[in-house]
Each structure stands twice: as structure tokens, then as C-alpha cells.
Amino acid sequence: MTRPPRHRDAGQAFPIYITVVAGLLFLAFAYLAVGQAAATRNEAQTAADAAALAAAQDLRDQITGEWVENLLDPDSWHGIFEGDVELFEDPCDRAGQLAAQNEAHVDACQGQGLLGYRVDVTTDEPVGDTIVPGTEGRYATAFAVAVVELRCTFDPPGEDAGEDTLPSLNCEGVKWDLDPETPATLPGPEDLFDVHLAD
């Protein structure tokens with residue numbers, strides 16, 4: 001019995017091999033495209049988180065400054081600690097700076113109540129060229145919300161206290177006896193408030 005030439009089998013297998021390799025390459029490029037898109041999306045979220053936190057921290061610092069200026073007027077503390085203050089600088093400016101540092105720009109920055117900010121950003125660089133049409137001009141977007149929360153409570157001085165005695169602050173177990181004569185010993189913004197991303 002005569003066997004067919006072996007090179008015919010090889011010739012038949014070659015197109016199958018090319019097809020398999022082409023399919024694998026396509027899958028590899030597809031995974032790369034998905035990876036590029038995910039990386040760009042993560043960059044956008046990082047920029048949004050940083051920008052929102054920066055705005056909230058700027059708000060926290062301005063509230064603290066207002067409280068120090070009104071230290072001798074304890075009746076005003078509740079309103080100040082709740083964020084009912086006149087801001088001399090826009091916290092969204094700081095948000096824009098942090099977004100730029102993370103290669104993004106702010107599309108919108110809005111206060112969330114008196115003690116928070118939502119920031120929407122878009123990356124400065126697109127996803128880039130991939131096998132998926134249109135990605136070369138597509139940018140990632142993301143948003144984040146950061147809030148300021150008071151860490152302290154205070155009660156009016158006791159009846160035996162003098163007229164000029166200020167309330168003590170209890171900041172998560174740390175007691176602050178306030179002395180306006182020594183401003184350096186007053187609690188700082190990070191002592192008074194916690195700043196974090198909202199869930």
C-alpha cells in the first residue's frame with residue numbers, strides 16, 4: 001500500500017496554524033486594549049480622589065482658621081464647626097491643582113452640603129491606539145466625593161469657671177484645654193477634623 005507524501009499533511013496543517021496564531025494575537029491585543037482602558041480609568045479615579053480630598057482639606061483648613069479667629073466666642077463654634085463660614089478661597093482651585101498633578105482636569109466641582117465636595121475629572125491623555133476603533137480619542141472620566149467630619153465635642157465650662165474660661169475640646173479621647181494666649185498649643189486642622197472619601 002502506498003502512503004501519501006507527508007508534505008501534503010504539513011501543507012494542510014499550515015493554514016490551521018496561521019489561523020490559530022492569528023486568533024491568539026487578536027486575543028492578546030484585545031486583552032491589551034482592555035488593560036489600557038482599565039489603566040486609564042484607574043488614573044482618572046486616582047485624580048478624582050486626590051482632587052476631592054484636596055478640596056475637602058482646603059475647606060477644613062479654612063474652617064479651622066475661622067474657628068481660631070472666633071476662639072473667644074464659643075457661641076459661634078457650633079455654626080463654624082458645621083461649615084457655616086465665609087470662604088475666602090475656593091477649595092475647587094486646590095482640586096484643580098491636584099487633578100493637574102495627576103494628568104487630569106476638573107470638569108465640575110460642587111459642594112456637597114456644607115462639609116463636602118464632589119469633583120468630576122477627565123484624563124488629559126486618551127486611552128490610545130488599540131484594535132478597538134475609537135479608543136485613540138476616548139478619555140477616561142471619574143468622580144469622587146470627599147467629606148469633612150468633626151472629630152471633637154465640647155461642653156460649656158462649669159459654673160465655677162471664670163467668665164473668660166473657654167470650653168474644653170474632646171477630640172476622640174484627646175482633651176484640649178484651650179488657651180488663647182498660646183495659639184501654638186491649639187489643636188490643628190487634622191486634630192479637629194477627619195477628611196475622607198465618601199462611600
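The values are calculated or read from the model by the stated rules, or taken from the named source; none is laboratory data. Quick caveat: nothing in here was measured; it's all calculated off a predicted structure. Note that each Cβ is placed from the backbone with ideal geometry, even for glycine, and that neighbours are counted across all protein chains shown.
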Task: Selection from the stretch 175-199 of residues that are over 28 Å from the mean Cα position of the chain (by Cα) and free of Cβ contacts under 8 Å to residues at least 40 places away in the same chain - done: K175, W176, D177, D179, E181, T182, A184, T185
Open item on the list: So, restricting to strands (runs of 3 or more DSSP E) that lie completely within the stretch 138-199, which ones have at least 1 residues that are of a type in the set (F, W, Y) and at pLDDT 95 or above?
Closed with: 141-150, 193-197
Task: the stretch 69-91: number of residues that are closer than 13 Å to L115 by Cα and of a type in the set (A, V, I, L, M, F, W, C) - done: 4
TODO: Pull up the stretch 113-128, narrow it to residues that are closer than 20 Å to V147 by Cβ and more than 14 Å from the chain's Cα centre (by Cα), then point me to the one that is modelled with the highest pLDDT.
DONE: L115
Task: Hits in the stretch 106-122 (condition: surrounded by fewer than 15 Cβ atoms within 10 Å (Cβ to Cβ) and not in a loop (DSSP other than H, G, I, E, B)) - done: D107, A108, Q110
Open item on the list: Against the conditions (1) surrounded by fewer than 19 Cβ atoms within 10 Å (Cβ to Cβ); (2) touching a strand residue (DSSP E or B) at 6+ places or on another chain (Cβ under 8 Å), where does S76 fall short? Just the number, please.
Closed with: (2)
